[in-house]
Amino acid sequence: MKTKKHTTALKKLPPSSPAKRAARYARLKTWFPEIFLEIERDKPCAIIDASTMALSQELELRKRADRIDAAQHGVSSFDSRILQIRTFKETYRLTSNNLVELLALQGFEISRTSLSAYLQGNVKGTDVRIGFSAVDRKVEVDHVTDLYAEFKKLEIRYSPVFKKLLSTDMRSLMESWYRKLGIYSGSKERQLAKIIGVDFTSLFKWYQKNEFPMSIKTLLSVTEKIQNHLALVRA
């Protein structure tokens, strides 16, 4: 169980040998694997040197863990519907902004802050609203059920797509685009840019840093344009 004693203990730790710092690093990774997964997802090429990690960095991880731990233990934290949405998000390495974008594409508007509140289990229960029936009957509406219904539509629509797009890294995905389009020489980024309408410098950065674009809509738009281009070429 995570308690404040971990924070207190870390704050009292004096500068120590690389071996001891590495041991502390290992304990942190055991206690809070979700934070280290987040770091690896955001910076897949980064290599953390356990032997040289500063105590201040460890304390910052601890603070982040405290915030996450406190937030994710709302009243609905273990609601099966919330857990399914979290699993979908984590499986495909999506951000809250990505989910907001995808939900908006199917007409469900929600802010990132509100979505985070749902995912952290901090949205409780129901309220009573006037329904749109002929008799204006009052109906009880469960906010979590509303979100979950939209999420299920999103899951059905995008899971097959994400299994193809997000099951690999960005560099490998771009290499597959080049193969499909028959781009093997010259300035491949410039040739691809003309087809998908994305600035070639952005393509170069995605490839060099091996990072997905920040907006999931960008990735979906690119794949659609590639498919349309191939359809025209083969017609």
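The table below lists the values:
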read-out	value
Any hit, the stretch 173-187, residues being under 16 Å from LEU220 (Cα atoms) and within 18 Å of the chain's Cα centre (by Cα)	yes
Any pair with Cβ under 9 angstrom, 6 or more apart, that starts in the stretch 219-230 at a residue that is more than 20 Å from GLU101 (Cβ to Cβ) and ends at one that is of a type in the set (A, V, I, L, M, F, W, C) and in a helix (DSSP H, G or I)	HIS229/LEU181; HIS229/ILE195; HIS229/ILE196; LEU230/LEU181
Residue satisfying condition, being open to solvent by 50 Å² or more (accessible area, probe 1.4 Å), modelled with pLDDT of 85 or more and not polar (S, T, N, Q), within set ARG86, ARG93, ARG64, ARG81	ARG81
Residues that are touching a residue at least 40 places away in the same chain (Cβ under 8 Å) and either open to solvent by 30 Å² or more (accessible area, probe 1.4 Å) or closer than 15 Å to PHE212 by Cα (or both), drawn from the stretch 100-114	GLU101, LEU105, GLN106, PHE108
Selection within the stretch 194-217 - surrounded by fewer than 16 Cβ atoms within 10 Å (Cβ to Cβ) and closer than 16 Å to THR95 by Cβ	MET214, SER215, LYS217
Residue within the stretch 180-189 that is touching a Pro at 6+ places or on another chain (Cβ under 9 Å), under 17 Å from LEU165 (Cβ atoms) and surrounded by 12 or more Cβ atoms within 10 Å (Cβ to Cβ) present	no
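The values are calculated or read from the model by the stated rules, or taken from the named source; none is laboratory data. Since we're looking at a predicted model, the values are computed, not measured. We place every Cβ from the backbone using ideal geometry, glycine too, and count neighbours over all the protein chains shown. Note: accessible area is taken over every heavy atom of the protein model, side chains too, but ligands, DNA and RNA are not part of it. Shrake-Rupley method; radii C 1.70, N 1.55, O 1.52, S 1.80 Å.
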